[in-house]
Each structure stands twice: as C-alpha cells, then as structure tokens.
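Peer 1: Can you read through this structure? Questions will come right after.
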Amino acid sequence: MLNIHGPASRYCDGVTRRGVLKIGAFAFGATYFSQADLYRAEANSAAPTSHKAVINIYLGGGPPHQDMWDIKTEAPIEIRGEFQPIQTNVNGIQIGETFQRMAQHMDKCVVIRSVTGCADRHDAVQCLTGWPHGSMATMGGRPSVGSAVAKVMGPADPSVPPFVGLCAPTQHRPWSDSGQAGFVGPAYAPFRPDSQGMADMRLNGISVDRLDERRRLISSFDSLRRDIDINGSIQGLDAAQQRALGVLTSSRLLDALDVSREPQAVRDRYGDGKPYQFQYDGAPTVNDQLLIARRLVEAGVRCVTLTFGRWDSHGQNFQLVRDHGGKLDQCLSALVEDLDTRGMLNDVTIVVWGEFGRTPRINNGAGRDHWAPVSSCLMVGGGMRTGQVIGATDRLGGYATQRPVYSGEVIATIYRNLGINPDLVNINDPTGRPQHLIDRPALREVV
C-alpha cells in the first residue's frame with residue numbers, strides 16, 4: 001500500500017489528516033519503506049525519442065567457458081570434453097556446437113576469452129558492478145550498473161523506471177540478485193516485477209483524476225528536514241512516491257511486461273525454456289525473460305538484468321550445457337534478431353557472462369568444478385566494433401595468455417555504450433566524496 005498519513009481536516013474524497021491514503025499496493029511512510037515496491041528515479045520532464053540501454057544476462061553458477069566460447073580442440077579428451085567447434089559467420093572465429101544460431105550472428109558479437117580477476121564466490125557482484133567484493137561495504141557497497149545509470153541519467157520515460165530486475169527467486173539467493181543500489185541509496189534500486197511487484201501496478205479502482213487530487217494531498221506533507229537524514233532514506237522515499245504515482249497512472253510498463261501482446265510466432269522463436277532442467281537451487285532457463293527484456297527496453301528502460309539457468313556443473317556438465325546452451329542459443333539469437341530488425345541493436349548492449357569459469361580437467365562425475373583464474377564473456381551490439389575475439393587462454397583453457405580482461409573493463413565499456421564517460425562522471429558517496437563509477441578503462445578494442 002501507498003500509506004500517506006493525512007491531516008485532521010476532511011477532504012472531498014473522505015481522507016482525513018489522521019486517515020491513511022492507500023493506493024494500489026505500494027508501501028511508504030515516515031518509518032516504513034518497502035524494497036519490493038520500487039519505481040525509484042528522478043522524473044524527467046519528457047521522454048526522449050530514443051535511448052541507450054543494456055541487457056545484462058547473468059549465467060549464475062559459473063558457465064564452462066571451454067564448452068561454450070573457447071573450445072579446446074588440441075587438449076586431451078579429459079580436458080576438452082564432448083563438444084566440437086563450429087564455424088561462425090566470421091572467418092576464423094569458432095564457438096561450441098551448442099550455439100548453432102548464435103554462430104550466424106557472430107559478426108554482431110564480441111567474444112572475450114580471457115576474463116580474469118574473478119572471485120571464487122557464487123554471486124553476481126562483479127558482473128553487476130565491476131568492483132571486487134566488499135568494496136565500500138561500510139557505506140552500503142558499490143552501486144550496480146543499473147543503479148548508477150538511474151542516478152546519473154534518470155528515466156528515459158517518466159512513467160517507466162530506468163532499472164528493472166527480472167531475476168527469478170532462487171533458493172541460493174545471490175543467484176537472484178538483480179543489482180544493489182549500494183551507497184546511492186534505495187531510490188535507485190531496481191524495480192522487480194515479481195508477484196508483489198505486479199500487484200503494486202494496479203490502481204484498485206481509483207481514477208486518475210482522484211489520484212491527482214491525492215497527489216496534491218501528499219505534497220502538502222513535504223516539510224520534513226532532509227538534512228537530518230544522512231543515509232538518504234527520506235530522499236529515497238520522496239523519489240519512490242513520485243515514481244509510484246507516475247507509474248500507477250500509466251500502462252506503459254505493465255504492457256511491456258505482458259508478452260501475450262506479442263505474436264505467437266515471435267514467442268515461439270524465443271521459446272519458454274521448459275522443461276526446466278538442472279535447476280536445483282538456481283534460476284530456471286527463462287527464455288521468455290529475454291523477450292520481456294526487449295519489450296522493456298522498447299518501453300524506455302535503460303538497464304535490464306536477469307539470471308538465466310544454473311550453471312554450477314560439478315556433475316553432468318555436458319548434459320547441462322546441451323540443455324542450457326541450446327535454450328540460451330534459441331532466445332539469445334531471437335533477441336539479437338529482434339533488436340537488429342527494429343534498428344535498436346546499435347543502441348542496446350547485451351552482455352552474457354557468469355561469476356567464474358570451470359576447471360579444465362573433467363572430474364569423476366563428468367563435471368567441471370569452480371575455476372576463478374579465467375572465464376569468458378559474450379557482448380553483442382551497443383555500437384561496438386564487433387565480429388572479433390578478445391584475449392586467449394592456454395591449450396588447456398586454464399589461464400589467460402593474451403590480453404587479460406577484468407570485469408571492470410566490461411562494465412566500463414557498458415557505461416561508454418550507454419553514453420556515460422566513466423573517466424569523467426563520478427557519484428558522490430554519503431560523505432559527499434566523489435567516487436568513480438569504475439576503476440578500469442573501457443575495452444580499447446571495441447570503443
């Protein structure tokens with residue numbers, strides 16, 4: 001609920017000063033703030049005709065790089081595994097056989113085979129922020145890309161939040177992290193359209209005219225001293241109220257989340273990722289979320305995050321990759337085709353990666369274990385110089401031998417693609433000290 005404690009006098013709609021204004025299912029108040037009820041960004045006066053965006057696809061669990069984008073044909077069988085390389089539409093670039101469709105879009109892609117500096121931890125922190133674990137933890141941590149973008153750029157459309165997290169709930173909760181706001185505060189956290197979030201988007205019979213009257217009522221209670229709130233919660237509360245009310249009067253976001261509005265043929269191209277296999281405590285293979293991501297970007301969202309599958313393949317690695325990889329190949333290629341057909345691919349950056357790689361040697365359970373020294377990443381679109389491979393690993397796929405790439409460089413490239421110069425733009429922390437968005441340069445090979 002949106003709970004606004006009103007004045008004692010009675011208004012024409014029956015709300016008293018000691019009454020409570022309740023709209024939809026948003027919950028805000030002087031001492032209560034619901035993290036699930038987010039539409040938090042500073043409103044712009046008008047929506048631009050176009051905007052840059054990023055879709056960050058997190059492969060939770062650590063995908064096996066040597067079975068996907070870095071096939072090792074010269075390695076012994078106990079290292080190389082079952083998969084064969086296939087030629088792509090870029091001469092000299094080969095990828096794993098599971099990605100037949102994406103092989104035909106390699107001219108729009110950048111394959112990074114030498115991501116290094118990963119931590120052996122099952123979470124998305126580095127993939128969402130580009131910073132090491134624990135950085136600025138005493139101030140709430142570093143903001144994720146989506147939160148930083150919401151802070152720096154605001155919304156592209158006043159009725160649509162700039163940052164949406166689609167990550168499905170998981171038993172291992174870090175795998176459902178859509179991105180934290182960190183020290184910029186809750187006003188810039190992602191909107192998460194789970195079951196509660198969808199309920200939040202309904203007016204429950206209140207007309208827009210009546211809501212406007214209540215909006216004026218809310219503004220009459222804006223007299224608290226902001227300077228006493230050192231952690232930003234009051235500022236976040238005010239921004240959240242404005243975003244909530246703005247979205248409640250618009251169907252734009254709700255329509256974007258409704259994939260039933262797409263032709264059946266389009267939905268079939270993406271697939272639904274079912275039956276879900278190898279999910280356990282992780283995310284399902286949510287093919288339809290990539291379609292939702294495309295619709296959200298069209299509606300004006302700047303950053304969409306999601307978790308696709310559970311890639312922690314300590315056992316049955318090759319069966320898992322055939323299942324997860326084939327499903328990812330279907331929906332990812334459909335996303336690339338859709339963005340390209342709509343003339344959006346140069347404006348939208350897609351990044352696909354996990355928290356670390358997998359061991360070169362196959363274990364006794366036909367699996368691969370955690371391997372932090374190196375992993376891989378796939379980037380698509382974004383106006384980059386595509387159709388290339390960056391970096392290389394040794395014959396066994398264990399260590400980077402050419403052009404080590406840090407997660408911060410990938411994140412810096414995303415900022416660049418979004419139109420933010422990470423070398424020049426800072427965000428003030430709660431003490432007022434300016435902080436860099438990222439401490440690595442953008443990938444010089446693509447910008």
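The values are calculated or read from the model by the stated rules, or taken from the named source; none is laboratory data. This structure is a prediction, so every number in the text was calculated from the model and none was measured. Positions of Cβ are backbone-derived with ideal geometry, glycine not excepted, and every protein chain shown enters the neighbour counts.
Peer 1: Taking into account only those residues within the stretch 59-99 that are out of contact with any Phe, Trp or Tyr (no Cβ under 7 Å at 6 or more places or on another chain) and in a strand (DSSP E or B), which is surrounded by the fewest Cβ atoms within 10 Å (Cβ to Cβ)?
Peer 2: The qualifying residue surrounded by the fewest Cβ atoms within 10 Å (Cβ to Cβ) is 87.
Peer 1: Identify all residues within the stretch 36-65 that are modelled with pLDDT of 95 or more and touching a strand residue (DSSP E or B) at 6+ places or on another chain (Cβ under 7 Å); write none if there are none.
Peer 2: Across the stretch 36-65, the qualifying residues are 53, 54, 55, 56, 57, 58, 59, 60, 62, 64, 65.
Peer 1: When you scan the stretch 75-95, do you find a residue that is within 25 Å of residue 409 (Cα to Cα) and of a type in the set (Gly, Ala, Ser), even just one?
Peer 2: Going residue by residue through the stretch 75-95, those that are within 25 Å of residue 409 (Cα to Cα) are 90, 92-95.
Filter once more, so that each one left must be of a type in the set (Gly, Ala, Ser): 92.
Yes.
Peer 1: Let me ask another. For the stretch 379-409, give me each residue that is under 20 Å from residue 297 (Cα atoms) and outside any strand (DSSP E or B).
Peer 2: Within the stretch 379-409, 382, 383, 384 qualify.
Peer 1: Quick check on residue 107: is it in a helix (DSSP H, G or I) and either surrounded by fewer than 18 Cβ atoms within 10 Å (Cβ to Cβ) or without any contact (Cβ under 8 Å) to a residue 24 or more places away in the chain (or both)?
Peer 2: yes
Peer 1: Oh, and also: On the basis of being in contact with a Ser or Thr (Cβ under 8 Å, 6 or more places away or on another chain), surrounded by 21 or more Cβ atoms within 10 Å (Cβ to Cβ), at pLDDT 95 or above and farther than 19 Å from residue 438 by Cα, does residue 165 make the cut?
Peer 2: Yes; evaluated as a whole, the condition is true for this residue.
Peer 1: Filter the stretch 126-165 down to the residues that are part of a helix (DSSP H, G or I) and over 22 Å from residue 428 (Cβ atoms), then identify the one that is nearest to the chain's Cα centre (by Cα).
Peer 2: 127
Peer 1: Out of 420, 414, 427, which single residue is buried (at least 22 other Cβ atoms within 10 Å of the Cβ), under 24 Å from the mean Cα position of the chain (by Cα), among the aliphatic types (A, V, I, L, M) and at pLDDT 95 or above?
Peer 2: 414
Peer 1: Here's something else I'd like to know. Right, residue 92: at pLDDT below 95, farther than 20 Å from residue 407 by Cα and of a type in the set (Gly, Ala, Ser) or not?
Peer 2: Taking the combined requirement at face value, the residue does not satisfy it.
Peer 1: Of the residues 371, 353, which single one is more than 22 Å from the chain's Cα centre (by Cα) and touching a residue at least 40 places away in the same chain (Cβ under 8 Å)?
Peer 2: 371 is the lone residue from the list that is more than 22 Å from the chain's Cα centre (by Cα) and touching a residue at least 40 places away in the same chain (Cβ under 8 Å).
Results for (1) among the β-branched types (Val, Ile, Thr); (2) at negative phi; (3) in contact with a Cys (Cβ under 6 Å, 6 or more places away or on another chain); (4) at pLDDT below 95, shown as yes or no for each residue.
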position	(1), (2), (3), (4)
117	no, no, no, no
120	no, yes, no, no
127	no, yes, no, no
130	no, no, no, no
137	no, yes, no, no
140	no, no, no, no
147	no, yes, no, no
151	no, yes, no, no
161	no, yes, no, yes
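Peer 1: Let me ask something else. Filter the stretch 339-376 down to the residues that are in a strand (DSSP E or B), crowded, with 24+ Cβ neighbours inside 10 Å and of a type outside the set (Gly, Ala, Ser) and list them by number.
Peer 2: Listed by number, the residues that qualify are 348, 349, 350, 351, 353, 358.
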